[in-house]
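Encoded as structure tokens, the structure appears first; notes follow it.
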Amino acid sequence: LVSFFSLIFPFIDNIIIGKLISLSSYLFIGLAVINFYSLKNNDDKNDFIFFVFLFLIINPLIWVFGYRSTPDLISMALSLFGFSLFLKKIDNNDTNFIIPALIMGIATTIKPIVGIYFLLSICFLKVEFKLSFLKKLIITGITYSIVPATYFLLIYFNFGFFLFTNYYMDVLSVVNNYSKYFSNIILYTSFLLIFLIPIVSGRFLDLLIN
């Protein structure tokens with residue numbers, strides 16, 4: 001992502017570009033909050049939006065990662081935004097999930113672990129044993145996969161690897177073990193759940209009440 005923008009803005013240092021990309025995450029998080037807010041149809045909208053913003057503001061990870069030139073926050077923010085669009089379309093009985101699936105696909109290309117948002121989105125679909133539902137599911141899955149598949153295939157055909165170079169794999173095999181891999185997965189998953197738990201819990205509670 002940094003390399004792409006460095007081609008457009010060659011006069012800006014790559015570190016600065018990376019930090020600006022991370023900074024843009026706040027925009028997508030804000031848009032996601034607005035979408036979640038629009039899902040509330042009762043009189044407690046103000047309370048809901050206040051607690052969501054409070055949760056985001058007091059979370060130190062938001063401010064720490066927002067200043068770092070890493071893909072962590074921007075990938076999460078894009079996925080959160082795509083996830084909010086997905087739920088909004090479900091709430092409006094709109095079965096066209098191309099845009100949110102594409103956004104989450106881009107986010108997954110940046111950081112594959114955030115694909116958990118897409119899996120969660122699928123769980124919110126109302127299962128119907130009809131050909132139309134299967135067709136919708138397939139189209140959504142293909143749309144989501146277009147960007148990641150294209151990117152990783154291009155990487156493989158041009159450089160001969162998917163996620164890690166041979167050198168990096170050798171380094172990982174020396175300094176890491178399976179317990180550390182498992183630990184990293186837990187840490188990344190926990191980072192995502194910080195945002196997912198209150199949103200998912202509130203959504204299920206709202207469905208149960210109404």
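The values are calculated or read from the model by the stated rules, or taken from the named source; none is laboratory data. Since the model is a prediction, treat every value here as computed from it, not as a measurement. With ideal geometry, Cβ positions are generated from the backbone for all residues, glycine too; neighbour counts draw on all protein chains shown. Just the protein is used for accessible areas: all its heavy atoms, side chains included, with ligands, DNA and RNA removed. Shrake-Rupley method; radii C 1.70, N 1.55, O 1.52, S 1.80 Å.
With the whole protein complex present, residue 85 retains an accessible surface near 40 Å², based on a 1.4 Å probe. Rounded to the nearest 10 square angstrom, residue 95 shows an accessible area of 90 square angstrom against a 1.4 Å probe.
With all protein chains in place and ligands, DNA and RNA left out, the 1.4 Å accessible area ranks 70, 150 as 150, 70, largest first.
The simple Förster model, with R0 at 35 Å and r as the Cβ-Cβ distance, assigns residue 27 and residue 129 a FRET efficiency of 0.30. Any chance you could check the Cα centroid distance between the range 114-148 and the range 78-106 for me, in angstrom? Cα centroid of the range 114-148 versus Cα centroid of the range 78-106: 10 Å apart.
Surface listing: 124, 129, 97, 157 arranged by accessible area from highest to lowest gives 129, 157, 124, 97, probe 1.4 Å. Extension gain, residue 70 to residue 137, is 20.9 nm, computed as 0.36 nm per intervening residue step minus the present C-alpha separation.
3J(HN,Hα) couplings calculated from phi for the range 67-82 with the Karplus curve 6.51 cos²θ - 1.76 cosθ + 1.60 (θ = phi - 60°) are, in sequence order, 9, 9, 8, 10, x, 4, 6, 5, 5, 5, 5, 5, 5, 4, 5, x Hz; Gly and Pro show x.
Order 147, 127, 64, 114 by their accessible area, 1.4 angstrom probe, all chains in place, largest first.
Of 147, 127, 64, 114, the descending order of accessible area is 127, 64, 147, 114.
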